[in-house]
1. Checking residue 273 against (1) open to solvent by 80 Å² or more (accessible area, probe 1.4 Å); (2) touching an Asp or Glu at 6+ places or on another chain (Cβ under 6 Å), which test does it fail?
2. Just the residues that are open to solvent by less than 50 Å² (accessible area, probe 1.4 Å) and of a type in the set (A, V, I, L, M, F, W, C), please, taken from the range 161-195.
3. Test of understanding: among 88, 106, which residue is farther than 30 Å from residue 303 by Cα, open to solvent by 10 Å² or more (accessible area, probe 1.4 Å) and assigned to a strand (DSSP E or B)?
4. Looking only at residues in the range 109-123 that are in contact with a Leu (Cβ under 8 Å, 6 or more places away or on another chain) and surrounded by fewer than 20 Cβ atoms within 10 Å (Cβ to Cβ), which one is farthest from residue 157 (Cα to Cα)?
5. So which residues in the range 196-254 are of a type in the set (S, T, N, Q), out of contact with any strand residue (DSSP E or B) (no Cβ under 8 Å at 6 or more places or on another chain) and surrounded by fewer than 16 Cβ atoms within 10 Å (Cβ to Cβ), if there are any at all?
6. Scan the range 57-66 and tell me whether some residue there is at pLDDT below 90, more than 22 Å from residue 219 (Cβ to Cβ) and either open to solvent by 60 Å² or more (accessible area, probe 1.4 Å) or out of contact with any Gly (no Cβ under 6 Å at 6 or more places or on another chain) (or both).
7. For the range 316-333: of the residues being surrounded by fewer than 15 Cβ atoms within 10 Å (Cβ to Cβ) and charged (D, E, K, R), which is farthest from residue 254 (Cα to Cα)?
8. Six or more apart or on different chains, Cβ under 7 Å: which pairs go from a residue in the range 189-216 that's free of Cβ contacts under 8 Å to residues at least 60 places away in the same chain to one that's open to solvent by 10 Å² or more (accessible area, probe 1.4 Å) and part of a helix (DSSP H, G or I)? Could you list them?
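The values are calculated or read from the model by the stated rules, or taken from the named source; none is laboratory data. Bear in mind the structure is a predicted one, so any value in this text is a computation, not a measurement. Note that each Cβ is placed from the backbone with ideal geometry, even for glycine, and that neighbours are counted across all protein chains shown. Please note that ligands, DNA and RNA were not included when accessible areas were found on the heavy atoms of the full protein model with its side chains. Shrake-Rupley method; radii C 1.70, N 1.55, O 1.52, S 1.80 Å.
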Amino acid sequence: MDKRFHGSKKSGHWNCLLLLIILLLFTVVFINIVLYVYLEHAYVSTSYPYADLTTCPQGYFKITNMKNCSAWLTCEVINKEVRRLKLVGEGAVKKVYLSEWKELKVALSQLTISDLRDDFLHGLRMLQSLQSRHVATLVGYCEENYSILTEYHPLGSLKNLDNVFDLPKYKNFNTWQNRLGLAIDYVSIIRYLHNSPLGVLVMCDSNDLDKVLSQYLLTSDFHLVANDLDALPLVDKEKGVLIKCGPREITGDFVAPEQLWPYGFDKEFSNDLMPPYDEKTDIWKIPAVTDYILGHVEGSDIVRFHLFDIHAECKKKNPTERPSAQTVLDTYKRIMTLLMKELSVSDARDML
């Protein structure tokens, strides 16, 4: 009798244990399915609209905690209601001031050299035409005194990325997932410019890594937006329109081979003799920018390993053999999805 009782009790323990294992496996499978669906939606979809559903209509803006869209601020409003606080940036074309409008922080950009007003106004036209989740929000402008007002991003440009992650407040954000997400944002912006409402635009103000990084702002929720749009020439291959990034000779390893003077040291540089090129110069620069963004956190070398093939394609000497920005973006998203799935499976094993 006792033996049967103990036997049935032991059998009951095994049944309970087996049931718990089955429930745990079911939970893990269910979590993986949910995660799979989420990641497919979040990273693999390539049908990006040019603007978020929450974006205001053309000529209007909404920043920070504003509930409603407001019309772009005019010269009169800027002169009366915008208060300059301090200088936060200075480049060849403009100075940027942290400013305040109705207790909201904004960035006021003002032309510094009158000879560069065409570049300044070109940047304004680009901001007006390209408003989307990829571009800094235009708050207002005044052509009379060459002023542009945009949303202020306190984390600064992409150049500050490592310094931001070193702050105690953001140390927990310093992961390969967040860094790869920023790289996806960067390539998404390039893809948007190459497929913009205006046509194929090339990011010409990009002759070295620091210059490229300064063109992008880091938002408080860890995304990137293009900010400096003063040099975005248009490529129209159907009409035979190619571009040259300025009339001066470009040098260095960072720029694409076709941007270098092709006739050697014996022949003096001449802009008239310099062959034009297209948007594939932006593709050449993607691996170097992404390498900077990935940094040296745990897991970043695994990401680099998975990106090796697409980056090798980006570095093809012949520009026609390089992939489109859309292809690079699709590859980045697939790799993010793959790595996140592998991470979820690893976490599931740890649970077991």
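1. The number of the failed condition is (2).
2. Of everything in the range 161-195, those that are open to solvent by less than 50 Å² (accessible area, probe 1.4 Å) and of a type in the set (A, V, I, L, M, F, W, C) turn out to be 161, 164, 165, 176, 180, 182, 183, 184, 187, 189, 190, 193.
3. On the way: 106 fails: open to solvent by 10 Å² or more (accessible area, probe 1.4 Å).
The unique qualifying residue is 88.
4. Ranking the qualifying residues of the range 109-123, first place goes to 117.
5. 220
6. Within the range 57-66, not a single residue is at pLDDT below 90, more than 22 Å from residue 219 (Cβ to Cβ) and either open to solvent by 60 Å² or more (accessible area, probe 1.4 Å) or out of contact with any Gly (no Cβ under 6 Å at 6 or more places or on another chain) (or both).
7. Narrowing the range 316-333 to residues surrounded by fewer than 15 Cβ atoms within 10 Å (Cβ to Cβ): 317-318, 320-321.
With charged (D, E, K, R) added as a condition, the list becomes 317, 321.
Numbers: 317: 13, 321: 18 Å.
That would be 321.
8. What qualifies is 205/211; 210/159.
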